[in-house]
Amino acid sequence: MTKTVLITGCSSGIGAATASRLLDSGWEVWASARRPETLADLAAAGCRTVALDVTDEGSMSAAVDTVLDGSGRLDALVNNAGYSQSGALESLDVDDVRRQFETNVFGLLRLTQLVLPVMREQRSGRIVNIGSMGGKLTFPGGGAYHASKYAVEALSDALRYEVSGFGIKVVLIEPGLITTNFEAAVAAGMPAGEGPYAAFNEQVQAATTEAYDGPMARFGGPPEAVAKVIEKALTKANPKPRYTVTISAPAAMAARKVLGDRGWDLAMRTQFPRPE
C-alpha cells in the first residue's frame, strides 16, 4: 500500500527537499505551503499540493480535509514550517514573538491535533517534528527562536508517550547548520533603528551570515541531508526518539553540556559584543 504523507513548509529548503525525496521513494506526497504557487515545481514532479497556513485554523482544517478526501488516509505528518525571529529580547516587538510561536509551536501542535484522530483510527502513523540543535542551546540574539524550539522539544517528548499506545510514533529531528536561506530570514526579521542594542543586533546578523557563508559552513549540510534523516524516521520499524543532522549539531550540544552556563557565556563573548 502506498503511504501518504503531509509536509508543511514546502516552498523551499528542507520541506521541498523532503517532498522530492519521499516522492522518489514511492510515497504519495502532499506538499503544502502558505502560497501554493511556490509549489509548482513539486506539483510538476508528481506531488499533490495544498494551501496550508499553520497560523490559520481554517486553513489547517481545510488542508487536512483535502488530504483525507483525496487519499482516504494519512500515514505521516512532517511538521517542518518555521522561521527565526532574531534580535535582543528587549528590542523585539512582542507581537513579532507571538507570530514566531504561532508558526513554530502553536501551528505545529494544532495541525498535529487535527491529524491524530485518523491516525488513532488507523492504529498507525508517524509524526516527525523539525526542531533544531537550538532546542538544546541558546545563542545570544536568538532568544525568541530558541524558546520556540525548546517548546518543540517538550511537546515532542510528551506526545511520544501519549500516542504510543495507539501505534503512532513521534520523532524529533534536530538539525545543526543547514545551508538554506535561513540567514536571509534572520536579516529580514532583525529589529532596526538606534538604541542600546543596535550594535549587538548588527553583530548577531553578521555572525549569522558568517556562519552560513563563511568557513563554518563546512560543518553544516544541505537540506537534502535533513530529508534523508526524515525518511529514516518515517520508515524504520523502531525509529529513535531524536536524530541530529550534520556534525555541527552534536558538536555544539556537547560543547554546551561540557562548558556549563558560565563557560557558555564566556564562549559567546568571543562571538558577540555584550550590550552595555
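Of note:
- Relative contact order for the chain, counting Cα pairs under 8 Å that sit 6 or more residues apart, in percent: 19 percent
- The fraction of all Cα pairs in the stretch 1-43 landing in successive 10 Å bins from 0 to the largest distance is 33, 57, 10, 0, given as whole percents.
- Environment charge at GLU231 (Cβ cut-off 10 Å; Lys +1, Arg +1, Asp -1, Glu -1): +3
- Descending by average beta-carbon neighbour count within 10 Å, the peptides 258-271, 102-115 line up as 102-115, 258-271, the highest first.
- A cut-off under 13 angstrom between Cβ atoms defines the neighbours of VAL105, and their net charge, with Lys, Arg +1 and Asp, Glu -1, is +2.
- Peptides 13-24, 158-169 ordered by average Cβ neighbours within 10 Å, highest first: 13-24, 158-169
- Centroid-to-centroid, using Cα positions, the stretch 2-28 and the stretch 45-117 are 15 Å apart.
- Cα-Cα over 22 Å, subset of LYS3/LYS228; LYS3/LYS149; LYS136/LYS236; LYS228/LYS257; LYS232/LYS257: LYS3/LYS149; LYS136/LYS236; LYS228/LYS257; LYS232/LYS257
Only the coordinates and a few stated rules stand behind these numbers; no lab work does. All values derive from a computational prediction rather than experimental measurement. Don't worry about glycine lacking a Cβ; one is built from the backbone with ideal geometry, like all the others, and counts go over all protein chains shown.
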